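Comments concern the structure below.
Nothing in this text is a laboratory measurement; each read-out follows from the coordinates by a stated rule. Keep in mind that what you see is a predicted model, and the values were worked out from it rather than measured. Neighbour counts run over all protein chains shown; Cβ positions are idealised from the backbone, glycine included.
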Amino acid sequence: MEPFVLYSKNHPYLHLAQWESTFPHLVVGMSTRTEENRNYALHVGNDPEQVITNRQGLAKSLSFPFESWTCGEQVHQDHIELVTSADRGKGRETRDSAFACTDGLITDESDILLASFYADCVPLFFYSPDLDMIGVAHAGWKGTAANIGVSMIKKFLKLGADKKQILAAIGPSIGNCCYEVDDRVMEPLYQLLPKAFEESIFIPTTQGHYRLDLKKANQHLLLSIGLAHEQILVSNRCTQCEETLFFSHRREAANAGRMVAFIGKKRSKE
Ligand SMILES: [Zn+2]
């Protein structure tokens, strides 16, 4: 069953139904483009005021204050920041105020919405109930090759999380139906995933080209550090196939809008 379920409000979004029903203080999911082509990122050429209006509208739909949106300046690397209430709101109105060069965000504090932005890359969500700690990480092929998912788990462990309790969810992103890559992409991932061909993470097409299952690559990397299958949810949604729901960098090129992937803890838990 698809873990990311469409929830229709004024600003429709996908929510991670299983986590939200098990842990009712969590707000976790991903925006959709909708008919209005709602873009949530400040770096893709839209009027910033419109982007902020979109963010405020979604914040209202989520019943999570816009002031709590906290963002990294994503650069397809593996740097992770531990977010505290002093950082609340970084990057919500300007990209300059976001955490510089940061693709992973973690916090155990309530009333902070960790927000990151996507066109085809893979959003990784994390929750460790023992510490009540949340995280989100941006994993395109470069972030995946930098092993940001495993870096997130290591950070959770360092902060005291029990590996058996950490939950991960791999969100909507480009599927292997649509994602053909060449040797330049295959080689660094193959270094990390030596069974990638046996596991159908890569399926050869023409000479030097492969269809890449980036969600499965991330799933196998999380399994490799010792998470069990039951701890990992994987979306079946493809951002390129589902044009009415998603922007796609492959389909729409550099100025494609961006969805926002988010996770936060409502204040009421405290
Ligand atoms: Zn597809």
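Taken over region 129-146, residues that are touching a helix residue (DSSP H, G or I) at 6+ places or on another chain (Cβ under 6 Å) and away from the ligand (no atom under 16 Å from the Cβ) amount to 5.
Apart from one condition, LYS216 fits all of (1) within 15 Å of ALA139 (Cα to Cα); (2) in contact with a helix residue (DSSP H, G or I) (Cβ under 9 Å, 6 or more places away or on another chain); the exception is (2). Scanning region 39-55 for residues that are among the β-branched types (Val, Ile, Thr) and assigned to a helix (DSSP H, G or I), we see that the one that is surrounded by the fewest Cβ atoms within 10 Å (Cβ to Cβ) is THR53. Taking the criterion of being of a type in the set (Asp, Glu), more than 22 Å from ALA217 (Cβ to Cβ) and either touching a helix residue (DSSP H, G or I) at 6+ places or on another chain (Cβ under 8 Å) or within 16 Å of the ligand (Cβ to nearest atom) (or both), would at least one residue in region 99-110 satisfy it? Checked against the condition, which is being of a type in the set (Asp, Glu), more than 22 Å from ALA217 (Cβ to Cβ) and either touching a helix residue (DSSP H, G or I) at 6+ places or on another chain (Cβ under 8 Å) or within 16 Å of the ligand (Cβ to nearest atom) (or both), region 99-110 yields at least one hit. Taking the criterion of being buried (at least 21 other Cβ atoms within 10 Å of the Cβ), in a strand (DSSP E or B) and within 15 Å of the chain's Cα centre (by Cα), would at least one residue in region 56-69 satisfy it? Within region 56-69, one or more residues are buried (at least 21 other Cβ atoms within 10 Å of the Cβ), in a strand (DSSP E or B) and within 15 Å of the chain's Cα centre (by Cα).
Exactly one residue among SER97, SER116, SER85 is surrounded by 18 or more Cβ atoms within 10 Å (Cβ to Cβ) and hydroxyl-bearing (Ser, Thr, Tyr), and that residue is SER116. Just the residues that are surrounded by fewer than 16 Cβ atoms within 10 Å (Cβ to Cβ) and either within 16 Å of the ligand (Cβ to nearest atom) or assigned to a helix (DSSP H, G or I) (or both), please, taken from region 148-172. If the condition is that a residue be surrounded by fewer than 16 Cβ atoms within 10 Å (Cβ to Cβ) and either within 16 Å of the ligand (Cβ to nearest atom) or assigned to a helix (DSSP H, G or I) (or both), then LYS154, LEU157, LYS158 are the ones that fit.
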